[in-house]
1. Within the range 170-178, does at least one residue satisfy the condition of being open to solvent by 50 Å² or more (accessible area, probe 1.4 Å), modelled with pLDDT of 95 or more, more than 20 Å from Arg215 (Cβ to Cβ) and out of contact with any strand residue (DSSP E or B) (no Cβ under 7 Å at 6 or more places or on another chain)?
2. Is there any pair linking a residue in the range 165-187 that is charged (D, E, K, R) to one that is at pLDDT 95 or above and surrounded by fewer than 15 Cβ atoms within 10 Å (Cβ to Cβ), with Cβ under 8 Å and at least six apart or on different chains, and which?
3. Starting from the range 225-242, keep only residues that are outside any loop (DSSP other than H, G, I, E, B), then list their pairs with residues that are surrounded by fewer than 18 Cβ atoms within 10 Å (Cβ to Cβ) whose Cβ atoms are within a distance under 6 Å, requiring at least 6 positions of separation or different chains.
4. Considering (1) open to solvent by 50 Å² or more (accessible area, probe 1.4 Å); (2) over 24 Å from Val14 (Cβ atoms), say which one Ile35 fails and leave the rest.
5. Is at least one residue of the range 52-65 free of Cβ contacts under 8 Å to residues at least 60 places away in the same chain, open to solvent by less than 40 Å² (accessible area, probe 1.4 Å), among the charged types (D, E, K, R) and out of contact with any His (no Cβ under 8 Å at 6 or more places or on another chain)?
6. Residues to consider are Ile250, Ile190; find the one that is buried (at least 17 other Cβ atoms within 10 Å of the Cβ) and either among the aromatic types (Phe, Trp, Tyr) or over 18 Å from Ser22 (Cα atoms) (or both).
7. Of all residues in the range 99-133 being polar (S, T, N, Q) and over 11 Å from Glu83 (Cα atoms), which is most open to solvent (accessible area, probe 1.4 Å)?
Amino acid sequence: MSRKKPRPQPQDLVLPPGGADSHAHLTMGDLAKEIDEVIIRARECGVTTIGNVVLGSEAYEKQHMLFDNLDQVFLIHGVHPHEARHYSDDEHERIWNAVKHNPRVKAVGETGLDYFYKHSPVEEQQKAFKMQLEMASSLDLPVVVHSRDAYEDTIKILMDMGFRDRPLLWHCFGQGPDEAKKIMAMGWHISIPGSVTFKKNDALRRAAAIIELDRMLMETDCPFLAPEPYRGKQNEPALMVFTAQKIAEIKDMDLEKVWIQAGDNCRNFFQA
């Protein structure tokens, strides 16, 4: 009788403190029930900085204080393109005030375009995206961009809004080397998720091979996109070690160097 080989544990990689998960949703799914334990597991695996995304003013009012005593967590606040149809002037003002007055909010986002699901009409997505870009520009903050099946329109709006060479992170990058080169040419940063470990994701691996290390961040996008060998399970920051392991393999670099450099890139980008 054959037995499945047990999954490796993330702490088995024994990575040093200094890793950073640039994009997490710690209040989604079952993670919300155990935030303190999630942070402890992350720390045990070397993840010492986490960017938690808070989407919408209602969620912000309920959630932002959950992280008041967690110095390793900073906040990213905005409205996802899925919810763009609800992005009223009043919502814009509430988010603006939260971003402006809470020093723990380090960036506007995630905002952008999602033509894969189109939970909100394209016109509403573009309007909300432009309003949040204007907010980030006016408050002199980085912006975290979500773009799915909308690469060309995303680039066009960013260029029209004057975002070339402004602090911008292309979150959960999932395309190939040509798109990565163009994003880097604009002066922007790229965040690599756990899907780089997926067997059929050759385009993303080719992109990771050519993305300059000083432009690269890593993320979980938890509770989504758990990397192999935990694909299909709930993701969390501790599992990001497997993403780092794959990137180091792709780039033929020392794992600890990739881990610390990507972590430093995150802290420098967000000033966190």
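The values are calculated or read from the model by the stated rules, or taken from the named source; none is laboratory data. Source: prediction; values computed, not measured. For neighbour counting, all protein chains shown are included, and Cβ atoms are generated from backbone atoms with ideal geometry for every residue, glycine included. For the accessible areas, the whole protein counts, side chains as well, though only heavy atoms, and no ligand, DNA or RNA atoms are used. Shrake-Rupley method; radii C 1.70, N 1.55, O 1.52, S 1.80 Å.
1. No; the residues of the range 170-178 include none that is open to solvent by 50 Å² or more (accessible area, probe 1.4 Å), modelled with pLDDT of 95 or more, more than 20 Å from Arg215 (Cβ to Cβ) and out of contact with any strand residue (DSSP E or B) (no Cβ under 7 Å at 6 or more places or on another chain).
2. These pairs meet every condition: Asp165/Gly187; Arg166/Gly187; Lys181/Ile210.
3. Ala238/Arg41; Val241/Leu13
4. Ile35 satisfies every listed condition except (1).
5. No - not one qualifying residue is present in the range 52-65.
6. Ile250
7. Only one residue fits best here, namely Gln126.
Residues checked against (1) assigned to a helix (DSSP H, G or I); (2) free of Cβ contacts under 8 Å to residues at least 12 places away in the same chain; (3) in contact with a Phe, Trp or Tyr (Cβ under 8 Å, 6 or more places away or on another chain):
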{"site": "Leu75", "(1), (2), (3)": "no, no, yes"}
{"site": "His82", "(1), (2), (3)": "yes, no, yes"}
{"site": "Val99", "(1), (2), (3)": "yes, no, no"}
{"site": "Val108", "(1), (2), (3)": "no, no, no"}
{"site": "Thr111", "(1), (2), (3)": "no, no, yes"}
{"site": "Lys118", "(1), (2), (3)": "no, yes, no"}
{"site": "Gln126", "(1), (2), (3)": "yes, no, no"}
{"site": "Met131", "(1), (2), (3)": "yes, no, yes"}
{"site": "Val144", "(1), (2), (3)": "no, no, no"}
